[in-house]
Amino acid sequence: MLTTLTAADGIVFGTPTYMGGVAGQFKCFIDAASATWFQQGWKDKVAGGFTHSASPSGDKQGTLLYLAINAAQHGMIWVGNAELPNPETGVNRLGSFMGSMGQSYLDMSGSPANVEPGDLESARLYGQRVVTVAQKIAA
């Protein structure tokens, strides 16, 4: 997987927010990428990030900051979210400009999460922005 990421023009990091930070599995991934850091394999690569939690805040900003700091340590170029909050469409309803955030209410039934349509559209628009920036830099 690290070889594939190193070959890409950009990487969008994503993790749920658990207890105000990244999931343990994501932290294991970051630790495994330390060899890439030593080789500066992601230097000048475009980066972005997204997170999701059950709480409207859930301290998701802390998770996005962790992702951005990790990208900075790799020498990557972070792309933020540029969508203004739009109450009519629900785009960027959580008001995040560091990256994309989503929220679904906690449901311990095991059924799939009910993701707000505005959060899905926010993620799509953000992903498109990261691609556009990566293409401009790669040109």
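The values are calculated or read from the model by the stated rules, or taken from the named source; none is laboratory data. What you see is a predicted model; the values in this text were computed from it and never measured. Counting neighbours? That spans all protein chains shown, and the Cβs are built from the backbone with ideal geometry, glycine included. The area values use the complete protein model at the heavy-atom level, side chains included, leaving out ligands, DNA and RNA. Shrake-Rupley method; radii C 1.70, N 1.55, O 1.52, S 1.80 Å.
What to note about this one:
- Set Val133, Val46, Val91: member being of a type in the set (Val, Ile, Thr) and more than 17 Å from Ile11 (Cβ to Cβ): Val91
- Of all the criteria given as (1) farther than 19 Å from Glu121 by Cα; (2) at pLDDT 95 or above, the one not satisfied by Glu88 is (1).
- Considering the stretch 73-106, the residues that are farther than 30 Å from Ser34 by Cβ and in contact (Cβ under 8 Å) with a residue 40 or more places away in the chain include one that is surrounded by the fewest Cβ atoms within 10 Å (Cβ to Cβ), namely Leu106.
- Filter pass, Lys43 being basic (Lys, Arg) and surrounded by 19 or more Cβ atoms within 10 Å (Cβ to Cβ): no
- Top-ranked residue of the stretch 108-133 - restricted to ones that are among the charged types (D, E, K, R) and under 14 Å from the mean Cα position of the chain (by Cα), ranked as surrounded by the most Cβ atoms within 10 Å (Cβ to Cβ): Asp119
- Extreme residue, farthest from Ala54 (Cα to Cα), among residues of the stretch 1-22 that are aliphatic (A, V, I, L, M) and open to solvent by 20 Å² or more (accessible area, probe 1.4 Å): Ala7
- Residues located in the stretch 24-46, provided they are under 28 Å from Thr132 (Cβ atoms) and within 17 Å of the chain's Cα centre (by Cα): Phe26, Phe29, Ile30, Ala33, Trp42, Lys45, Val46
- For the condition farther than 19 Å from Gly127 by Cβ, open to solvent by 50 Å² or more (accessible area, probe 1.4 Å) and assigned to a helix (DSSP H, G or I), Gln25 qualifies.
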